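The values are calculated or read from the model by the stated rules, or taken from the named source; none is laboratory data. Fair warning: this is a prediction, and the values are worked out from it, not measured in the lab. With ideal geometry, Cβ positions are generated from the backbone for all residues, glycine too; neighbour counts draw on all protein chains shown.
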Amino acid sequence: MIPAAFDYQRADSAEEAIALLTEHGDEAKLLAGGHSLLPMMKLRLAVPSVLVDVGRLDDLRYVRDAGDHIAIGALTRHRDLETDPLLAEAVPLLSHAAGEVGDPQVRHRGTLGGSLAHADPASDLPAVLLALGGSLVAKGPNGEREIAATDFFTGFLESALEPDELLTEVRVPKLDTLGWSFQKFNRRAQDWAIVGVAAVRAEGHTGVALVNMGSTPLVASGVVDAVNGGSNASEAAERATEGTEPQGDINASPEYREHLARVLVRRALEESGLS
Amino acid sequence: MQITLTVNGVERTAEAEPRTLLVYFLREQLGLTGTNIGCDTSSCGACTVHVDGESVKSCTMLAAQADGLSVTTIEGLADGDELHPMQKSFQENHGLQCGYCTPGMVMAAVSLLDENPSPTEQEVRLGLEGNLCRCTGYHNIVKAVLAAAEAGS
Ligand SMILES: Cc1cc2nc3c(=O)[nH]c(=O)nc-3n(C[C@H](O)[C@H](O)[C@H](O)COP(=O)(O)OP(=O)(O)OC[C@H]3O[C@@H](n4cnc5c(N)ncnc54)[C@H](O)[C@@H]3O)c2cc1C
Ligand code: FES
Ligand code: FES
């Protein structure tokens, strides 16, 4: 399978990438690790006429302590997230979940920014960022803006990014973590989750988010309310499907996904230390 | 466009369309047919090569993305007639039957040991999750990788 023909431009800086996006408009697509975009292009589900490769922007590959939050460059690969000592210490949920994405070859190429910008409800890291209460920094021709993760995922494979914007950074608040859990239910090791749950309990913050339970990654707000209101794990898990709209596919019916969501939310809350 | 790679230690340049996938570039432009294509959909790992020392699925990377980088294929592992210790270990432990998955499996295994020189059996199984084998049932592949790790390859 070969993608349709396109022009290839490698950007040597964020500014150059944005200039190329501005010049080519809707016709252009950013290419980071290529592990969502290239499979779609091979199936001709995506046919951009210009690819702007940002894969060599090494200055957007970092994990830094930025005082009240951890700052992560958008081009940081899953493998880097999985092995970074600062991240393992400060945001173990993200570092662990990154190690569950795909397989080692996928993690050597795929990036955090690409994973979030792709806005696939079946992807792991969008739900993790929602649970952590993080935000994203987008840079465009008119400068930078910060977008809360809760405002970022607007539809199936759709995000709040403008066509001429580049994600440059992801910010995760430094939480006083009491417990966390990442539950990924799949049938084969390298697969996407049939349903997944990211949970974090911290001083002043409860975050629970769902993978593959609707057209976007979702905050399980019913569960969060229940936990904040003093419910135990089983009671809170009963509210796991509030606001969800799971699809049926070859792996699971909507009813089965709802069942999984309740079971996995309970397990996630228990593993996070809620009785 | 012109693409230059250092393949198995030798600089190679060839002309290719931007949409050329790395695996086709290696096989068709450079004549290195040791790297197999299995699924062509990033699932099976048969096309695994190393880019700057790390395992990647060459059916899911453009040759253009590898321009200027160094690529190692199965052809680059042996030292003349002397097989790489991982290749020897696959041979000694019967880690292959039809051999179709083997080039990718060996490349994934070498990358795995670079990152984790003494893995547990479970770590080997997880580390090879991106590579499918339809023949062996995996046990002898895992044995081969553990033996290679033991031998300090
Ligand atoms: C076999 C396989 C298994 C996988 N399994 C999983 C899994 O289990 N869980 C999971 O979560 N994911 C999985 N993935 C997807 C993987 O995580 C991808 O790496 C990720 O979704 C996309 O990241 P990328 O860097 O490859 O982005 P690309 O494919 O390069 O880009 C994806 C999209 O994001 C845009 N984009 C990329 N970077 C930026 C940026 N900095 N700013 C703005 N837009 C940008 C692109 O234009 C494109 O639209 C799998 C992929 C494969 C091939
Ligand atoms: S051919 Fe590349 S993963 Fe199967
Ligand atoms: S030996 Fe035949 S596919 Fe692995």
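Of all residues in region B:14-48, those satisfying the criterion of being among the β-branched types (Val, Ile, Thr) and either in contact (Cβ under 8 Å) with a residue 12 or more places away in the chain or surrounded by 23 or more Cβ atoms within 10 Å (Cβ to Cβ) (or both) are B:THR20, B:VAL23, B:THR35, B:ILE37, B:THR41, B:THR48.
Here is a yes/no grid of residues against (1) away from ligand 3 (no atom under 16 Å from the Cβ); (2) closer than 29 Å to A:GLY55 by Cβ; (3) touching a strand residue (DSSP E or B) at 6+ places or on another chain (Cβ under 8 Å):
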residue	(1), (2), (3)
B:GLU75	yes, yes, no
B:GLY80	yes, no, no
B:LYS88	yes, no, no
B:GLN91	no, no, no
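Apart from one condition, A:GLN105 fits all of (1) surrounded by 23 or more Cβ atoms within 10 Å (Cβ to Cβ); (2) of a type outside the set (Val, Ile, Thr); (3) without any contact (Cβ under 8 Å) to a residue 60 or more places away in the chain; (4) over 24 Å from B:ARG125 (Cβ atoms); the exception is (4). Among the residues of region B:56-106, those identified as without any contact (Cβ under 8 Å) to a residue 60 or more places away in the chain and small (Gly, Ala, Ser) are B:SER58, B:ALA78, B:GLY80, B:GLY95, B:GLY99. Note on region B:38-91: among residues that are out of contact with any helix residue (DSSP H, G or I) (no Cβ under 6 Å at 6 or more places or on another chain), within 16 Å of ligand 2 (Cβ to nearest atom) and of a type in the set (A, V, I, L, M), the one that is farthest from the other protein chains (Cβ to nearest Cβ) is B:VAL71.
If the condition is being surrounded by 19 or more Cβ atoms within 10 Å (Cβ to Cβ), of a type in the set (A, V, I, L, M, F, W, C) and within 24 Å of the chain's Cα centre (by Cα), then region A:15-40 contributes A:ALA17, A:ILE18, A:LEU21, A:ALA28, A:LEU30, A:LEU31, A:ALA32, A:LEU37, A:LEU38.
Among the candidates B:GLU54, B:GLU123, B:GLU92, B:GLU75, the residue that is touching a Lys or Arg at 6+ places or on another chain (Cβ under 9 Å) and of a type in the set (Asp, Glu) is uniquely B:GLU54. Every condition in (1) more than 14 Å from ligand 2 (Cβ to nearest atom); (2) within 29 Å of A:ARG44 (Cα to Cα) holds for B:LEU96 except the one numbered (2). For region A:1-28, taking the residues that are within 22 Å of B:THR41 (Cα to Cα) and in contact with a strand residue (DSSP E or B) (Cβ under 6 Å, 6 or more places away or on another chain), the one that is farthest from the other protein chains (Cβ to nearest Cβ) is identified as A:PHE6. Restricted to region B:120-140, and to residues there that are crowded, with 18+ Cβ neighbours inside 10 Å and β-branched (Val, Ile, Thr), the residue that is farthest from the other protein chains (Cβ to nearest Cβ) is B:THR136. If the condition is being more than 9 Å from every other protein chain (Cβ to nearest Cβ) and part of a helix (DSSP H, G or I), then region B:17-33 contributes B:LEU22, B:VAL23, B:PHE25, B:LEU26, B:ARG27, B:GLU28, B:GLN29. The strands (runs of 3 or more DSSP E) found wholly in region A:160-275 and carrying at least 1 residues that are more than 18 Å from the chain's Cα centre (by Cα) and surrounded by fewer than 21 Cβ atoms within 10 Å (Cβ to Cβ) occupy A:177-185, A:195-202, A:205-211. When region A:41-88 is filtered for residues that are under 18 Å from the mean Cα position of the chain (by Cα), within 12 Å of another protein chain (Cβ to nearest Cβ) and either surrounded by fewer than 17 Cβ atoms within 10 Å (Cβ to Cβ) or at pLDDT below 95 (or both), only A:THR83 remains.
Quick check: anything in region A:182-200 closer than 24 Å to A:GLU270 by Cβ, free of Cβ contacts under 8 Å to residues at least 60 places away in the same chain, away from chain B (no Cβ under 14 Å) and more than 16 Å from ligand 3 (Cβ to nearest atom)? No - not one qualifying residue is present in region A:182-200. Checking the stated criteria, B:ASP79 turns out to be more than 27 Å from A:ALA11 (Cα to Cα) and acidic (Asp, Glu). Scanning region B:32-61 for residues that are of a type in the set (A, V, I, L, M, F, W, C), in contact with a Gly (Cβ under 7 Å, 6 or more places away or on another chain) and either outside the structural domain of B:ARG19 (by TED's automatic domain parsing) or more than 16 Å from ligand 3 (Cβ to nearest atom) (or both) gives a single hit, B:MET61.
B:LEU132 passes all but one of (1) away from ligand 3 (no atom under 16 Å from the Cβ); (2) at pLDDT 95 or above; which number fails? The number of the failed condition is (1).
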